[in-house]
Every structure is written in C-alpha cells, then in structure tokens.
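Novice: Handing you this structure, nothing more for now.
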Amino acid sequence: MGFEKLSYKRVGIVRMIEERDCSDEVAKTNGFNIVDIYKDTTVEESREQFTDIFYDSDLRITFEEMIKEEKIEAVMLESIETFETFDDCMWCIEVFNEYFNIPLIFARERIDTSEKINISEIVFPFRYYLDKMRYQIEKELEEKLTETINQFFGKGKFINLADDDLSMFGEIVK
C-alpha cells in the first residue's frame, strides 16, 4: 500500500500535529523543496487556519493564490490523524482535488490523493487512529476512577475486577 517515489518538486507542508518524522522522511526521500505554509504559527493555529479554508470562501481564495504564487504542486500532512472526524478528512481531500486541483500527501500512511485510491486506504488508518484514541480514553478513565475510589475508600480496600480474578465469587459470576 502507498507510494514509492513521488515526482513533485515543490510541496507545501502544514504542521497540524507536533510530530514530523514521516513527512521529513518523505520529503528527504523524494527530494522535495518544502514550503512551510503556516511557518509563523503554532501547531494549533496552523490546524485552525488550515481547516478554516474549507468553510470560508475568502480564506480559500487567499490560500489558492498563495499556492499559485509559491508554485506548490502538492500539500503534505503528517497523517490522517490530523483530522478530528472522517468527514473532515474526506472533505479536505475533495476540496484539494476539486477546488485547488492539487493532491494531498499523507506522509505516515504513504497516501497520495493524485492517484485513484481505494477508500480502504483512508478508512483503515482512520479506524486505527480512532481505536487508539478510544484505548487512551479508556485507560485515562480507569486511572481516574481508581484514583477516586482510592481517595474515597482508601487504597487497597476495593476489589480490582480488571485483573480478571473473579474465581473468588465462584459459580455466582458465571
């Protein structure tokens, strides 16, 4: 799955998450001349400005002018994980392909939207991301719940059912 070698020369990059390992590696491997699109902003500001172009026609026109002025051939994001919802991700791909007429590159997943792609190439990484987030939220909730119970009842004075040690209850539990 994914691309091997890309032929773009000048690629814009949008920093929507702190991590940049994959996009740096893809840029180096392909010899891209990188344009940092929101170079004077924080990651949060960059993410907000980038997503605003999908809903504000004036910002979209300004962005399109910048792309032409900078001679950007594609825009690279670190990962599909930069989007909060699958709909946002698909909307972004559609806007870039249909409105700006330039592809998006998702570095970690090695997806180039200029090529016809199987939707599963986007769905599977996005599902993995959602599962990872769900696990992190469950873990945080478990830790906070344990901490609250320990504060209320005192440490070690409740049964930890997460350890799967229900044998002490015998046949009642089954």
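The values are calculated or read from the model by the stated rules, or taken from the named source; none is laboratory data. Keep in mind that what you see is a predicted model, and the values were worked out from it rather than measured. Cβ sites come from the backbone with ideal geometry, for glycine too, and all protein chains shown count toward neighbours. These area figures cover heavy atoms from the full protein model, side chains too; ligands, DNA and RNA do not enter into them. Shrake-Rupley method; radii C 1.70, N 1.55, O 1.52, S 1.80 Å.
Novice: With the checklist (1) in a loop (DSSP other than H, G, I, E, B); (2) β-branched (V, I, T); (3) open to solvent by 60 Å² or more (accessible area, probe 1.4 Å) in hand, flag the one item I17 doesn't pass.
Specialist: (3)
Novice: Quickly run through the range 105-163 and pick out the residues that are at pLDDT 75 or above and of a type in the set (V, I, T).
Specialist: I105, I111, T113, I137, T146, T148, I149
Novice: If you take the residues in the range 20-37 that are part of a helix (DSSP H, G or I) and open to solvent by less than 60 Å² (accessible area, probe 1.4 Å), which one is farthest from D87 (Cα to Cα)?
Specialist: Taking the range 20-37 as the starting set, the residues that turn out to be part of a helix (DSSP H, G or I) are 21-30.
Retained after the next criterion (residues that are open to solvent by less than 60 Å² (accessible area, probe 1.4 Å)): 22-23, 26-27, 30.
On the way: C22: 23, S23: 23, V26: 26, A27: 27, N30: 29 Å.
Ranking the qualifying residues of the range 20-37, first place goes to N30.
Novice: Give me the pairs: first residue in the range 34-53 and within 19 Å of E64 (Cα to Cα), second residue among the aromatic types (F, W, Y), beta-carbon distance under 6 Å, and six or more apart or on different chains, which are they?
Specialist: S46/Y38; Q49/Y38; I53/F63
Novice: Restricting attention to the range 1-14, and to residues there that are outside any strand (DSSP E or B) and either under 12 Å from V75 (Cβ atoms) or among the hydroxyl-bearing types (S, T, Y) (or both), which single residue is modelled with the highest pLDDT?
Specialist: To start, the set of residues in the range 1-14 that are outside any strand (DSSP E or B) comprises 1-9.
Pick out the ones that are also either under 12 Å from V75 (Cβ atoms) or among the hydroxyl-bearing types (S, T, Y) (or both) and you get 7-8.
Values: S7: 86, Y8: 90.
Only one residue fits best here, namely Y8.
Novice: Would you tally the residues in the range 38-94 being touching a Cys at 6+ places or on another chain (Cβ under 9 Å), more than 21 Å from R10 (Cβ to Cβ) and either assigned to a loop (DSSP other than H, G, I, E, B) or open to solvent by 60 Å² or more (accessible area, probe 1.4 Å) (or both)?
Specialist: Total meeting the criteria: 3.
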